[in-house]
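No lab work stands behind these numbers, since they all come straight from the coordinates. Quick caveat: nothing in here was measured; it's all calculated off a predicted structure. Here the Cβ positions follow ideal geometry from the backbone for every residue, glycine too, while neighbour counts run over all protein chains shown.
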């Protein structure tokens, strides 16, 4: 039976999930739900803190993407101070976010999803993990791990530590890298680029053999939301919101991020701690949208760098325009790594980052501040209200996993309809359901790091409410 | 001034009459942990970390306020003292809300250093989780009572060195708080000269520069003793 949890407020999550699959009288899958059953409480216990501390505190929401929270929080702080941060600070923040995109996407693809893709969805679950991948293809696994390390080292170079650097602050950043540190990163770029190009080549051959997965892993029309630059180009740190439908039509464009509530509303379901955001104009649940790498590539006009634009062109050709299957998230992730590497190369040579002016100083000039940036998993909003002295009065965080909530539920239902037969869940079907969620790379899968050990319970429920089968990881 | 000879940890020590055990020990390179003590201001013996054993004395004595006595036998590092010191540090952590990872003083905190020095790997007491205020009404500085250990360094440095006595302590026991003027918000405390000596003196992240972020509160606490020495030599 599904459990009903009535705890208010419903807020942030990360780490534990439960899936229930409901069958109708004929034993066919009627609906499937992803229940997120962990409560964190960040929005509550940050109240009363000076907003200058928020980047350091909110970075602790996640050990995989602390940088995303750090940047969104620092940007909300910039808004409270009403400052335009020094150019060097903005470029260094961008550099860190690119490092974050590389390391997080590399983790998602090589450590978490490649075992499914390269070893097979029905392969032995005991070996279907990053260690099995190391045995089967040590060079590929090693290159992937080194690619992630490369991204991590960019974060460490700037912030002093790979995890939870408290480096971006309201008004700018605390320090700049030395020329020697930059040179070290620059000389490792060719290896990183070769790794991602090899992974792209392999993924494209997989697409040819995984028609079934591509057709059923969250393949449905939806809206896509993300940030774009002034000319609709790919963005990861700043810019404006754009919403595109699955036909490629631009539904909303150049929306000031601070006006996100004009286009996004949030619904709450009693069976999950995770809110269900939707595009306001289309209503709930028709306003379902997706964020993250696939959304960013679906909404942008172009990426703006040579190799990545060529790959984007090919991806669109393969998808027939807008990619509506969440299986393409993996593809998009690889294209974004390539885009990030090209931009890292440009930023490392940018003379602006030699500036010593890194931090704008000001007092509290606004009582409301909204910071938005693109986390590897999608658009991240930090929204703070402060008192006259700068103490936090209220916090609202909308996290990528939340944006994708409706789409993840739809994906699970679609996969379950295709692969769950009768009153039993086979291992291969369980793994595909997991992989369907994993395509979105939600925080709940990355919090456990190891593929195959996602803390997941799948329950199969008959029309009369009896539990037919329950499978645990 | 007469000399006094005695022993600390079996080491023969010669000190001036009127010196404290702490002063004599430090002059001879013997380390005794302290928290409320600050060079340049008076000692109050509040934190009890510098307690030492004196042969023939039934009670433990705080080294920072106990004068040396001829032929006394002092022990600073016994099993009992180590256990008490660790317990004192654990109680300090349990009493307020210390979250090192996101604290402005992380990496530059005397309480954190002491916890490492006494080997505190966990706290054996239940945390009190008191509701404490943060006051950042002053244009330059802030106080977070979550991180205050009531050492009263700020009170003493403000009174004895700056000479204005903005800071004091109100309330008793677990309700005790350092306050500014008549328990007004710091920004409204008219007596405050914004000199920043309390910011220099604070051992933890309780008093900080406004706008400081995680780990940014580095301070030169020796400046207080420097100011006092410079003043005394001129007079």
request  = Take every DSSP beta bridge whose two residues both sit in the protein assembly as shown, then give the antiparallel share in percent to the nearest 5.
outcome  = 85 percent
task = Please give the helix A:87-106 orientation as an angle from the longest Cα principal axis of chain A, in degrees from 0 to 90, rounded to the nearest 10.
result = 20 degrees
query = In percent, what relative contact order does chain B have, based on Cα pairs under 8 Å that are 6 or more apart in sequence?
reply = 19 percent
task = Note down the relative contact order for segment B:96-199 as a percent, whole number, built from C-alpha pairs under 8 angstrom at least six residues apart.
result = 24 percent
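Starting with the highest mean, order A:374-386, B:155-167 by the number of other Cβ atoms within 10 Å, averaged over the residues of each peptide.
On the way: A:374-386: 25.8, B:155-167: 19.4.
With the highest mean Cβ count within 10 Å placed first, the list reads A:374-386, B:155-167.
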note = antiparallel share of DSSP beta bridges within segment B:1-87, to nearest 5, in %, is 85 percent
Antiparallel content of DSSP bridges confined to segment A:221-304, in %, to 5 = 85 percent
query = Using the Cα atoms as the points, what is the convex hull volume per residue of segment B:83-234 in Å³?
reply = 121 Å³
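Please compute the average number of Cβ atoms from other chains found within 10 Å of each residue's Cβ in peptide A:159-166.
Average neighbour count from other chains, rounded to a whole number: 2.
State the dimensionless ratio Rg/Rh of segment A:80-207 (Rg: radius of gyration of Cα atoms; Rh: Kirkwood radius).
With Rh from the inverse mean 1/r over Cα pairs, Rg/Rh is 1.09.
Output the Kirkwood hydrodynamic radius of segment A:320-452, Cα pairs only, in Å rounded to one decimal. Kindly include the intermediate steps, with their values, before the conclusion.
On the way: mean 1/r = 0.0531 Å⁻¹.
When all Cα pairs of segment A:320-452 are included, the Kirkwood radius is 18.8 Å.
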message = Taking the beta-carbon count within 10 Å as an exposure proxy, list B:5, B:213, A:401 from fewest neighbours to most.
response = B:5, B:213, A:401
note = Helix A:328-348 sits off the longest principal axis of the Cα atoms of chain A, rounded to the nearest 10 on a 0 to 90 degree scale, by 10 degrees
inquiry  = Compute for segment B:1-43: radius of gyration divided by Kirkwood radius, i.e. Rg/Rh, restricted to C-alpha atoms, rounded to two decimals.
reply    = 0.98
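Which value results when the Cα radius of gyration for segment A:37-143 is divided by 2.2 N^0.38 Å? Please list the in-between numbers first.
Numbers: Rg = 19.1 Å, N = 107, 2.2 N^0.38 = 13.0 Å.
Scaled against compact globular proteins, the figure is 1.47.
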query = Averaged across the residues of B:140-151, what count of C-beta atoms belonging to other chains lies within 10 Å of each residue's C-beta?
reply = 1
ask   = Measuring from label point to label point, each 7 Å out along Cα→Cβ, what is the residue A:189 to residue A:204 span in nm?
value = 2.3 nm
remark   = Taking every C-alpha to C-alpha distance in segment A:221-304 and binning by 5 Å from 0, the per-bin percentages run 3, 16, 26, 25, 17, 8, 4, 1, 0
note = Counting other chain Cβ atoms within 10 Å of each Cβ in A:42-53 and taking the mean gives 4
query = Per residue, how much space in cubic angstrom lies within the convex hull of the C-alpha atoms of segment A:191-255?
reply = 123 Å³
inquiry  = Given N residues in the protein assembly as shown, what is its alpha carbon radius of gyration divided by 2.2 N^0.38 Å?
reply    = 1.12
Gap separating the Cα centres of segment A:335-384 and segment A:127-203, nearest whole Å = 18 Å
ask   = Mind checking the angle between helix A:306-319 and chain A's longest principal axis? C-alpha axes, 0 to 90 degrees, to the nearest 10.
value = 20 degrees
inquiry  = At a 10 angstrom cut-off on C-beta neighbours, averaged per residue, how do the peptides A:341-348, A:309-316 rank from highest to lowest?
reply    = A:341-348, A:309-316
task = For segment B:26-65 and segment A:264-283, write down the distance between their C-alpha centroids in whole Å.
result = 61 Å
task = Apply the Debye scattering formula to segment A:48-107, with a single equal point scatterer on each alpha-carbon and no solvent, then give log10 I(q)/I(0) at q = 0.12, 0.18, 0.19 Å⁻¹.
result = -0.31, -0.66, -0.72
note = All alpha-carbon distances of segment B:3-77, grouped into 10 Å bins from 0, give the whole-percent distribution 21, 59, 20, 0
Packing-based order for A:67-73, A:431-437, using average beta carbon neighbours within 10 Å, highest first = A:67-73, A:431-437
request  = Using Cα pairs closer than 8 Å and at least 6 residues apart in sequence, work out the relative contact order for chain A, in percent.
outcome  = 27 percent
